[in-house]
Amino acid sequence: MNRIGLVAIGRNEGQRLRQCLLSALGKVDLIVYVDSGSTDGSVEMAQSLGVEVVELDLTIPFTAARARNAGLKHLLAAAPIEWVQFVDGDCEIVAGWLDRAHETLSAQPDVAIVCGRRRERFPEQSIYNQLCDWEWNTAIGETKACGGDAMMRVKAIQQVKGFNPTLIAGEEPELCVRLRQQGWKILRLDAEMTLHDAQMTRFSQWWNRTVRAGHAYAEGAWLHGHPPERHWLRESRSIWFWGLVVPLLAVSLAWITQGLSLGLLAAYPALAIRIFINMRRQNIEARFAKAYACACVVGKFAQLQGAVRFVSSRLLGRQTSLIEYKH
């Protein structure tokens, strides 16, 4: 009986998608690729490998959550799948991961999701890729959330009715909130899982990706920020404080204080220095610690842009369009 299925999602990932699919061929019972309007021959390439393809309706807004739901629905219609590995089309699955994840889920019936280490394939290509690689370096053990690459128990996903298809980002942590509310656990293993190819070489790409993160934080807090979960509430408050409150106070009070309020802006380099010192205490190389600290501070303004976009969309009663950083 078929047991393990895989859903890969993507749009115009080209060779990255080919590597993704090849890394799973012959290692799971069924692979489904969900395409979100590719124009680079991704659909034909996937079909040439014998992979089943689902092409999303172009008239409905694309989201990764919608694509994953569609992929899982197709899997379950084709075979009695009990476990599903989700993977982004720009990621390659590391040898041995699928067996390790399946063994863990089989042995621990209270675990809904297992994930492992996602690494950047080319961290040396740019400082932005290095920042991504650091972002993936998360704590091992029971955790609150996973990313886009993870193996999940189908029964658990069905219990919470899958991903929220309206979310343009942060759909995996939001799913994990609902799973944990039903008593399920999320587990991160000390094992290599996937190689990710961000291909970020320009500041504008990093900025757009950070804008998307700000939108996700704001929407996550709006959905689940109430006690006891307080999902992304602290992160959202930090965005509004550093991205809006501090500069607004500094500028608006400048005339009254004869410019003294502008001293509030010194809090930004102070914040960067604090982050830099914390990184160095973790034996992080000084050059990277400096870049990370600067990215954290500058990123508050990009995140604010995403948060404002979410708020404005809510007020106008419309869904935010995708915020993409790859071209």
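The values are calculated or read from the model by the stated rules, or taken from the named source; none is laboratory data. Since the model is a prediction, treat every value here as computed from it, not as a measurement. Ideal geometry is used to build each Cβ from the backbone, glycine not excepted, and the neighbour counts take in all protein chains shown. Note: accessible area is taken over every heavy atom of the protein model, side chains too, but ligands, DNA and RNA are not part of it. Shrake-Rupley method; radii C 1.70, N 1.55, O 1.52, S 1.80 Å.
Set side by side, the residues Gly37, Gly50 differ, and just one is on the phi > 0 side of the Ramachandran plot, part of a loop (DSSP other than H, G, I, E, B) and more than 21 Å from the chain's Cα centre (by Cα), which is Gly50.
Just one of the listed residues (Arg274, Arg280, Arg309) is charged (D, E, K, R), in a helix (DSSP H, G or I) and in contact with a Ser or Thr (Cβ under 9 Å, 6 or more places away or on another chain), namely Arg309. Taking Leu253, is it farther than 27 Å from Ala145 by Cα and open to solvent by 20 Å² or more (accessible area, probe 1.4 Å)? Yes: the conditions hold for Leu253.
Considering the conditions (1) open to solvent by less than 10 Å² (accessible area, probe 1.4 Å); (2) farther than 17 Å from Gly162 by Cβ; (3) at pLDDT 95 or above, Pro109 is excluded by exactly one of them, (1).
Within region 217-234, the set of residues being assigned to a helix (DSSP H, G or I) and either open to solvent by less than 50 Å² (accessible area, probe 1.4 Å) or out of contact with any Phe, Trp or Tyr (no Cβ under 8 Å at 6 or more places or on another chain) (or both) comprises Ala218, Glu219, Gly220, Ala221, Leu223, His224, Leu233, Arg234. Of all residues in region 58-72, those being of a type in the set (Val, Ile, Thr) and under 16 Å from Ala216 (Cβ atoms) number 1. Going by what's in this entry, would Phe288 be described as without any contact (Cβ under 8 Å) to a residue 60 or more places away in the chain, open to solvent by less than 70 Å² (accessible area, probe 1.4 Å), farther than 28 Å from Leu223 by Cβ and part of a helix (DSSP H, G or I)? Judged against the criteria, Phe288 is not a match. The residues in region 144-163 that are more than 10 Å from Leu175 (Cβ to Cβ), assigned to a loop (DSSP other than H, G, I, E, B), in contact (Cβ under 8 Å) with a residue 40 or more places away in the chain and of a type outside the set (Lys, Arg) can be counted, and the count is 2.
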